Structure formats: C-alpha cells, structure tokens
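**Student:** Handing you this structure, nothing more for now.
No value in this document is a laboratory result; all are computed from the given coordinates. Because the structure is predicted, anything quoted here is derived from the model rather than measured. Methodologically, a virtual Cβ is constructed for each residue, glycine included, from the backbone with ideal geometry; neighbour enumeration extends over all protein chains shown.
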Amino acid sequence: MASWYEKAVFYHIYPLGMLGAPFANTEDAAADRFPELDQWVPHMEALGCTALYIGPLFESSSHGYDTRDYRLVDRRLGTNEGFRHFTELCHKAGIKVVVDGVFNHTGREFFAFQDIQKNREQSRYCGWYKGVNFGWNSPYNDGFGYEAWQGHFELPCLNLQNPEVKQYLFDVIRFWISEFDIDGIRLDCANVMDFGFMQEMRSQTASMEPDFWLMGEVIHGEYGRWVNDGMLHSVTNYELHKSLYSGLNDHNFFEIAHNVRRLEAIGTKLYTFLDNHDENRIASKLNKKAHLPLAWTLLFTLPGIPSIYYGGEWELTGTRTRESDAALRPHITLEEGEAKHCDLTDLITKLARIHTENPEFHGGRYQELLLTNRQYAFARHAQGSICMTAANSDDQESHLSVPVPLHASKAENLMDDSIIPVENGKLNLTLPGNSSVVLKIRED
C-alpha cells in the first residue's frame with residue numbers, strides 16, 4: 001500500500017508573505033495571524049489537497065530563513081499554541097503537515113553565533129559553524145570570519161559534521177514532532193548539506209515517526225544522489241519545472257518527455273510544482289495564458305507528487321526583481337482569493353480528485369505513447385488499468401490515434417465521464433486547440 005506522501009496532493013504556503021507579516025521582526029512585530037491561517041484549511045480540503053508544505057516557521061529576523069530560535073514559531077505569525085491548533089485542524093481535515101527545516105545555516109541572532117561574538121576564541125560554539133577564523137573579519141566587522149550561505153553573511157553556515165550540532169538539530173525535529181505532530185520536513189538548501197548528516201537524519205526520524213517524510217530543496221544535480229533508501233524520500237523537481245514552462249512556450253513536448261524519461265527511475269518520488277516562493281509565477285512565465293490548463297494537467301498526471309503554491313489556483317501572477325521576492329510571496333486573504341475563483345480553480349480541483357482517486361498516479365509506471373512537438377500522450381500504469389493523458393499545445397485542433405498498451409474496448413473520460421471506444425487497439429481522439437484529456441482504461 002502506498003504511503004501517504006506517495007498519494008499526496010500538496011498545498012504550499014509561505015506564511016510570512018501570505019498573512020501579511022512585516023518583513024523585519026522587531027519587538028513590536030508580534031501578532032496572532034493563526035486565526036486567519038485557520039480559515040484556509042477548508043479551502044485546501046475543498047481544493048482536494050491532502051498535505052501542506054508550510055514554511056518557514058522558526059522564529060527569525062527577516063525573511064524566515066535567518067533563524068533566531070528553532071523552538072519558537074515566528075512571533076509575527078503567532079504562538080506555538082496557535083500553530084499547534086492549526087495542525088490539529090489540518091489533521092482533522094485529512095491534511096498532513098510538512099514544515100521547513102532550515103538546518104544549513106542560522107541567523108546572526110541565534111544564541112550560538114552570538115556567543116562567539118561575545119566570547120570569541122573562548123566560546124564553546126566556535127565549532128558549531130563552518131570556517132570560523134579569528135584571523136580575518138566579516139563584512140559585519142565581527143572581528144572574525146565564517147562561511148556564509150552563498151556569501152550572504154547574515155546566514156552563517158552550521159557545521160553539520162559536528163556531533164553537538166547534529167544532536168541539537170535532531171532534538172529540534174523531535175520537539176516539532178512532539179509539540180506539533182508534524183508529518184515531515186522540507187530541508188532548505190539540501191543541495192549543499194552534508195550527506196552524512198542527511199543519512200543520519202533519515203534513521204533518526206524513522207525511529208521518531210515511522211511514516212515521517214523528508215523532502216530536500218535541490219535544484220541541479222543527479223537527484224538519485226539524494227533520493228534513496230538511505231537518505232531523503234524526495235527532492236524538488238526543478239528539472240521538470242523548467243521543462244514544463246519552456247516546453248510549452250517553445251511548442252516542444254520533446255523537452256518535457258526527455259526530462260521525464262531521464263528521471264524515470266525516481267520520478268514518481270519527486271516533489272513537482274509549477275511555481276513556488278522562489279520562482280516566478282507560472283501564470284507570468286507562460287507566453288500563452290491558454291497553456292495554463294495544459295501545464296496543470298501535466299503536473300497532476302506526469303510522475304511526481306504535485307503541489308499547488310498558494311494563489312496558483314486563481315491564476316495569480318508575480319515576478320521577482322533583483323532586489324526582492326515580495327511579488328512571489330504576496331499577502332492575500334482567503335476572501336480576496338475566493339473572489340478570483342475561475343475555470344482554472346475548478347480544473348485544479350478536478351485534477352486533484354483524479355490524482356487522489358486513481359492509483360496509477362501513486363507511483364505508477366510511466367509509458368510514452370505518442371510524441372510530436374505539439375502533441376503528447378502517455379500512460380500511467382496500475383494493476384489491470386492505465387490512466388492516459390493526451391495533450392495538444394497547438395492553436396488548431398488535432399486528430400490523434402494513440403496506441404492503447406493493454407487489451408481494452410473502451411476508455412472513460414475522467415474530465416466529463418464520457419466514453420470513447422477503443423478500435424483496433426487504438427484511441428482516436430480529436431483534441432481542440434490548447435487542450436488535454438485524462439482517460440481511464442481498464443483491461444477487458
């Protein structure tokens with residue numbers, strides 16, 4: 001039987017932005033925004049989401065990834081009690097909760113870093129950070145240097161090979177499981193984290209919670225290095241993300257299909273998305289608005305664990321600037337969002353239901369059936385049945401003859417419940433311009 005995460009449809013929330021928290025966490029920034037967040041639970045449930053990735057949540061100084069305190073929910077959002085109530089609401093609605101684990105680095109206001117600032121060479125925490133060197137100076141004039149994430153000196157890198165650091169972070173995870181009953185962690189910056197640390201985290205968390213899910217943020221590289229039985233369950237599939245929008249923009253389904261084939265060994269385990277808190281909105285990336293429904297259909301039916309970044313269901317646009325990601329992380333109330341309800345909202349809801357109800361999408365084998373620049377058909381296999389997706393990115397209608405890879409007499413259109421006959425082992429389909437269809441075919 002598939003684990004919860006293999007069947008999941010995720011919703012993704014960047015809470016500091018969505019709830020309109022101030023960027024700077026000053027003394028007067030404390031507020032209780034969880035009652036507003038609570039209102040989103042029925043929306044996620046109605047949309048068909050069965051899991052939530054939310055973060056960052058740790059008490060931090062600005063954007064959420066400069067952690068001050070790993071055992072406090074950010075005061076700009078509310079209290080630990082408020083978040084505990086929120087996770088309870090999610091679980092009652094059948095929604096698992098995955099939070100950000102910001103373990104590669106801390107903020108400069110974290111206690112261990114401040115101890116080094118105060119006690120210099122005598123600090124017992126000098127070994128907690130990478131590259132601490134009292135022979136040179138940081139841009140902040142600390143009187144010592146240290147390794148920082150991508151040269152951002154507000155984010156000093158933790159030494160994840162240090163046994164004390166590892167134990168501290170594993171105790172943090174244990175705290176979040178016991179206090180909030182979380183179901184998994186998304187590891188920020190997993191692409192640069194120590195492999196030994198992640199391997200140990202896998203065994204540690206498995207003993208804390210057998211079905212605990214570990215997903216890592218990885219952009220480039222061979223994903224199989226991270227996703228295996230000894231390390232993480234999943235990573236972010238940036239490769240598919242890129243191929244989806246550029247393949248549609250360039251009328252080049254070959255790019256998408258090539259990417260799926262390349263990742264075939266682990267593709268069903270990867271976390272797939274069209275946009276997130278670091279990427280321009282898919283509604284801003286696509287050259288043609290008519291391709292938005294195609295992108296969402298492919299996301300939900302190609303191998304992977306699909307996610308919806310808040311607002312995507314309402315066609316929200318947003319582009320980052322050189323100075324700011326704020327446009328990607330907008331403040332929006334549920335009432336404002338629901339006022340933007342559109343045909344895409346209904347399509348995503350339908351696709352989420354299709355994904356959840358059909359085991360073909362829960363790790364089922366992928367098979368390419370038809371491929372041209374502008375037409376694409378593929379199957380996902382289960383025992384005795386397949387789900388077939390056929391897509392046409394051309395403005396003109398297209399007539400497709402798609403081979404059916406099992407003995408069957410008919411196909412059920414999962415989009416409108418109509419029946420299409422299988423003739424001589426093929427499905428003859430007429431797809432309008434910029435459209436797609438998802439079919440269920442059972443073996444006779």
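**Student:** As I understand it, the dipole of the range 1-118 uses +1 on the Cβ of Lys and Arg and -1 on the Cβ of Asp and Glu, about the Cα centre. Which of Trp4, His91, Gly78 lies farthest toward its positive end?
**Tutor:** Trp4
**Student:** Would you please give the residues with an amide H less than 5 Å from that of Ile308, counting only those at least 5 places away or on a separate chain, with H modeled from the backbone geometry?
**Tutor:** For Ile308, the qualifying residues are Phe10, Tyr11, His12.
**Student:** A further question follows. How big is the convex hull of the Cα atoms of the range 3-139, per residue, in Å³?
**Tutor:** Expressed per residue, the convex hull around the Cα atoms of the range 3-139 is 135 Å³.
**Student:** Relative to 2.2 N^0.38 Å, what does the C-alpha radius of gyration of the range 331-373 come to as a ratio? Two decimals please.
**Tutor:** 1.74
**Student:** In nm, what is the difference between 0.36 nm times the number of residues separating Gln167 and Asp211 and their Cα-Cα distance?
**Tutor:** Gain in length upon complete extension: 13.7 nm.
**Student:** Residue separation times 0.36 nm, minus the C-alpha to C-alpha distance between Leu406 and Ser284: what's the value?
**Tutor:** In short, 40.0 nm is gained.
**Student:** Turning to a different aspect of this structure: Among Gly224, Leu169, Ser207, whose Cα projects farthest towards the positive end of the dipole of the range 121-270, with charges put on the beta-carbon of Lys, Arg (+1) and Asp, Glu (-1)?
**Tutor:** Checking the options against the dipole of the range 121-270, the answer is Gly224.
**Student:** Return the aspartates and glutamates within reach of Lys92: Cα separation strictly under 16 angstrom, same-chain partners fewer than 8 residues apart disregarded; answer none if there are no such residues.
**Tutor:** Candidates past the 8-residue exclusion: Asp38, Glu45, Asp181, Asp183.
**Student:** What is the distance, in nm, between label points placed 7 Å from the Cα along the Cα-to-Cβ direction at Asp69 and at Trp136?
**Tutor:** 3.5
**Student:** Rounded to the nearest 20 debye, what is the charge dipole size of the range 200-355 about its Cα centre when +1 sits on each Lys and Arg Cβ and -1 on each Asp and Glu Cβ?
**Tutor:** With Lys and Arg at +1 and Asp and Glu at -1, about 440 debye.
**Student:** A follow-up question, please. What per residue convex hull volume, in Å³, comes out for the range 325-409 when only alpha-carbon positions are used?
**Tutor:** Spelled out: Cα convex hull of the range 325-409, divided by residues, is 185 Å³.
**Student:** So what's the gap between the Cα centers of the range 377-444 and the range 350-376, to the nearest angstrom?
**Tutor:** Cα centroid of the range 377-444 versus Cα centroid of the range 350-376: 10 Å apart.
**Student:** Taking N as the number of residues in the range 285-444, what is its Cα Rg relative to 2.2 N^0.38 Å?
**Tutor:** In units of the globular-protein estimate, the range 285-444 measures up at 1.15.
**Student:** I need the Kirkwood Rh of the range 177-314: take the reciprocal of the average 1/r across all distinct C-alpha pairs and report it in angstrom.
**Tutor:** Hydrodynamic radius (Kirkwood, Cα only) of the range 177-314 equals 15.9 Å.
**Student:** Let me ask you something else. Can you give the angle from 0 to 90° between the axis of helix 292-301 and the longest principal axis of the chain, with both taken from C-alpha atoms, to the nearest 10?
**Tutor:** For 292-301 against the chain, the angle is about 80 degrees.
**Student:** DSSP beta bridges in the chain, what fraction antiparallel, as a percent rounded to 5?
**Tutor:** Given both bridge residues lie in the chain, the antiparallel proportion sits at roughly 60 percent.
**Student:** Nothing charged except the Cβ atoms of Lys and Arg (+1) and of Asp and Glu (-1): what's the magnitude of the dipole of the range 169-278 about its Cα centre? Round to the nearest 20 debye.
**Tutor:** Roughly 360 debye, rounded to the nearest 20.
**Student:** Which entry in (i) 66, 55, 40; (ii) 82, 50, 49; (iii) 80, 43, 40 is this structure's computed Cα extents along the principal axes in Å?
**Tutor:** Structure-derived value, by its label: (iii).
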